[in-house]
Structures are given as C-alpha cells and as structure tokens.
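Note sheet for the following structure.
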Amino acid sequence: MILLVVDTQKGITDERLHEFEKLKRNIRTLISAARKNGVEVVYVRHDDGPGTGFSAGDDEFDIFEEFAPEEKERIFDKTVNSAFHNSTGLVEYLAEKSEKKIMIAGLQTNFCIDATIKSGFEQGYEMIVPEYANSTFDNAYMKRDVCYHYYNDFIWPGRYALCVTMEEAVRALEGERK
C-alpha cells in the first residue's frame, strides 16, 4: 500500500474547504501512521502552467506546510486532473514497486480526487478513501458539504473505492507495517 496525497498545495489548502480542521487533522494522522508503519507517502501537485500563480516556482504551488513531505518522499507533478495520467510517471513508478493498493487523501473531491479514484479503479488499483481526508470548495452547482457527501457516500463506495472510517484507515496502515 501507498498513501497518495493529492494537491494539498498552499494555494487551495485553507478554510474555504469543507470541514477544514477535520481534514487537516485526518491527513496529518494518515501521514504520521503511514510513516510510522513503513508505508510510503507519495505526493502529487497540480501545475496550472506558467503565469497562473499555481505553477512550479510559485509559493501557492508548494505543498501545505502541515503535510510537508520528508526528503526521501516522492513528488509527482501533473497538469491534468488524474494523478494516474501517463504524463505523471506515477503508474510506472507503482509498477516498479508492484504496488496495487492506494490509500488516497487530498484535494479537491470533485476534481482531482474523483478523477484519480476513477482512473485508478480503471487501471486495477484498489482505491481506499478515508473519511474526511478529501475536501472541496463551494461551486456554482453544489455546496461543498453536499459535494463531499455526494462522492464519498454515493458515487465512490461499492463502485470505484472502498470508503472507510479513519479508524479503519489507520488500522490498514498499521497492518502494512514493514
């Protein structure tokens, strides 16, 4: 198993997110449990391109301080919603490690998390989604809380991912102790 932390970048990791404090606490808990149990933490960053303010070299592009990767942890950059797009190199990296079980956390529920979960499922990965470890903003069509529950409680479970409690997620990470 790996813990895949997607798009938790400074420019979008803030109080606009649904259940922001719970999200921060849960992602910190997952990262800590993964590291403690020898589960690799892999990060993904979204790059909107030069001049957007959300690209390599921009402060907003950097990973949120509370989730900062350790020196040995891998970071993959992407310019599309799915972390598994062939342009990222993540699929090849996981194939080298013979890794098929992915616990995912990050942003945003209705964009990159949804795309990554569905893409991962299509590629044969077992996708595991801990509760309140992904979040999103309000948008023109859906409030952030409705959006969160739409995906986590309706779209993903039993179709694309195993959606679990935080207790189950931590136990799964502990079970991977290496």
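The values are calculated or read from the model by the stated rules, or taken from the named source; none is laboratory data. Everything quoted here is computed from the prediction, not taken from an experiment. Virtual Cβ from ideal backbone geometry, glycine too; neighbours counted across all protein chains shown. Calculation scope for accessible area: heavy atoms of the full protein, side chains included, ligands and nucleic acids excluded. Shrake-Rupley method; radii C 1.70, N 1.55, O 1.52, S 1.80 Å.
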Inset, instruction - Positive end of the charge dipole of region 36-178 (Lys, Arg +1 and Asp, Glu -1 on Cβ, about the Cα centre): tell me which of 79, 154, 89 has its Cα farthest that way. - result: 154
Legend entry - Percentage relative contact order, the chain, counting C-alpha pairs under 8 Å, at least six apart: 28
Inset, instruction - Compare the Cα positions of 166, 139, 27 along the charge dipole of the chain (+1 at Cβ of Lys, Arg; -1 at Cβ of Asp, Glu; about the Cα centre) and return the one farthest towards the positive end. - result: 166
Legend entry - Translational diffusion coefficient (Stokes-Einstein; Kirkwood radius from C-alpha pairs) of region 74-145 at 20 °C, 1.002 mPa s, in µm²/s: 166
Inset, instruction - Could you check how much of the accessible area of region 50-148 is carbon and sulfur, as a whole percent, using a 1.4 Å probe? - result: 49
Legend entry - Whole-Å semi-axes of the ellipsoid equivalent to region 132-178 (Cα gyration tensor, √5λ, descending): 27, 12, 7
Inset, instruction - With only Lys, Arg, Asp and Glu charged, each at its Cβ (+1 for the first two, -1 for the last two), find how big the charge dipole of the chain is about the Cα centre; round to the nearest 20 debye. - result: 560
Inset, instruction - Could you please tell me the mean projected area of the C-alpha convex hull for region 1-67, averaged over all directions and given in square nanometres to one decimal? - result: 4.8
Legend entry - Calculated on alpha-carbon atoms, Rg and Dmax of region 1-138 in Å: 13.8, 40
Inset, instruction - Count the DSSP beta bridges whose two residues both fall in the chain, then state the antiparallel fraction as a percent rounded to the nearest 5. - result: 5
Inset, instruction - Would you mind working out the magnitude of the charge dipole of region 33-110 relative to its Cα centre, with +1 at each Lys and Arg C-beta and -1 at each Asp and Glu C-beta, to the nearest 20 Debye? - result: 560
Legend entry - Global geometry of region 100-178, whether rounded, prolate or oblate, following the gyration tensor of its Cα atoms and the 1.5 cut on a/c: prolate
Inset, instruction - Identify which of 140, 68, 33 has the largest mean-square fluctuation in a Gaussian network model of the chain, with springs joining Cα atoms closer than 10 Å. - result: 140
Legend entry - Protein-only accessible surface order, largest first, of 39, 91 at 1.4 Å: 91, 39
Legend entry - Amide H within-cut-off set for residue 40, under 5 Å, with H built and near neighbours excluded: 3
Inset, instruction - Report, in whole Å, the centroid distance computed from the Cα atoms of region 1-64 and region 96-140. - result: 13
Legend entry - Exposure rank, largest accessible area first [100, 24, 72, 78; 1.4 Å]: 72, 100, 24, 78
Inset, instruction - Leaving ligands, DNA and RNA out of it, work out the accessible area of residue 23 with a 1.4 Å probe and give it in Å² to the nearest 10. - result: 0
